[in-house]
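Let me begin by handing over the structure; questions about it come next.
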Amino acid sequence: MNKPNVLWSQKSKTIKFVIDIVNAKEETLKIDLSDSKLNFTAEGQASIESTQTFSFELEFHKKVDPLKYKVQVKERSIKLVIAKANDCEGEWGRICPTKHRWLKFDVDSVELTDEETIAARKLADARTRLEAQHGPIPEEAKIQQLSDMLNVDDISKDLEAAEKEMYDMMRNSYLTIYNGVVGLGYIYVFFVSILRLLIEPSVAQAIRGNYKSIGWLLKSCQHTVFLEILHSYFGLVKSPVLVTATQVCHLVVNPVMLI
């Protein structure tokens, strides 16, 4: 006898099975249910194949109520809902003690808002993607291994985001220090110039005295604007290189020529 593909899902009080048998004959359906085991037999088709007899035996991880179950035979599948025993209600960590190749979790059976369902969908998508790239994945592969494979893209995105955040932090820190140092230089030049104008007897003497004492600082601050071109070239600021270079040359060349 052949084993059909079976999808399972659960709620707090029930377990649901969707058995992949097409055009099942209801008169051949046999369900032998105890509090710990399910024996299922039915005749039908798997896709377009000829009529066959399908059966499987499933031992439950916890106890069920053998008197409370419902069967619905449809054209494309058989649905079986079994009530959990009163003392075993709630979320089961697994449906049975051992794994079966023909038994899989039905990720479409739970609402998408459920985080576990979203994770299951990602896991199923990852399995499909990996099987397409690397061939079949053994059923006995551990969930953690598959989960690690699944998270490769997420990890890469997280690393890229972390690198971008680190780059932005370093860029902002550098620009803050750069602007702060240049700004303090200009502030110092301004206040020294005002003070000398108040002290010296004439404006000409004040200008000559300023040039001798703080001319080097003024030139240094003025020439640091050439760094703006590099900032634009390396993308530290969102400004076209040509426009920045024109502005810098205009700011630097004219005062130097006057001096």
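At a 1.4 Å probe, what is the % contribution of carbon and sulfur to the accessible area of the range 160-232?
Here carbon and sulfur together make up 72 percent of the probe-accessible area.
Rounded to the nearest 10 Å², what accessible area does Ile199 show when all protein chains are kept and the probe is 1.4 Å?
120
What does the accessible area per residue of the range 33-111 come to in Å², with a 1.4 Å probe and no ligands, DNA or RNA counted?
The answer is 60 Å² per residue.
Can you list the residues of the range 222-239 with backbone N under 17 Å from a point 7 Å past the Cα of Thr176, pointing along Cα to Cβ?
Only 237 pass the distance filter.
Are there trypsin sites (Lys or Arg not before Pro) in the range 201-241 that DSSP puts in a loop and that have at most 13 other Cβ atoms within 10 Å, and which ones?
Lys238
Say each of Ala162 and Glu75 gets a label point 7 Å from the Cα, pointing the same way as Cα to Cβ; how far apart are those two points in nm?
Here the answer is 5.3 nm between the modelled labels.
Would you work out the relative contact order for the range 1-103, in percent, from Cα pairs under 8 angstrom that are 6 or more residues apart?
32 percent.
OK, next. Per 5 Å bin from zero, what fraction in whole % of the C-alpha pairs of the range 4-44 is there, up to the bin with the longest pair?
6, 18, 26, 28, 15, 7, 1
Which ³J(HN,Hα) values, rounded to whole Hz and listed in residue order, are derived for the range 38-43 from phi using the Karplus coefficients 6.51, -1.76 and 1.60 in 6.51 cos²θ - 1.76 cosθ + 1.60 with θ = phi - 60°, glycine and proline given as x?
The phi angles translate into 10, 10, 10, 8, 6, 9 Hz.
With θ set to phi - 60° and the Karplus curve 6.51 cos²θ - 1.76 cosθ + 1.60, what are the ³J(HN,Hα) couplings of the range 77-94 in order, to the nearest whole Hz, using x for Gly and Pro?
Coupling constants for the range 77-94: 6, 10, 10, 10, 10, 10, 7, 6, 5, 4, 8, 10, 6, x, 6, 8, x, 7 Hz.
Quick one: which residues, 5+ away or cross-chain, put their amide H under 5 Å from the amide H of Asn5? H built at 1.01 Å from N.
HN-HN under 5 Å from Asn5: Asp20.
The values are calculated or read from the model by the stated rules, or taken from the named source; none is laboratory data. Keep in mind that this is a model prediction, so the values were computed, not measured. Glycine gets a Cβ as well: all are built from the backbone with ideal geometry, and neighbour counts include every protein chain shown. Remember, those area values only see protein heavy atoms, side chains included, never the ligands or the DNA or RNA. Shrake-Rupley method; radii C 1.70, N 1.55, O 1.52, S 1.80 Å.
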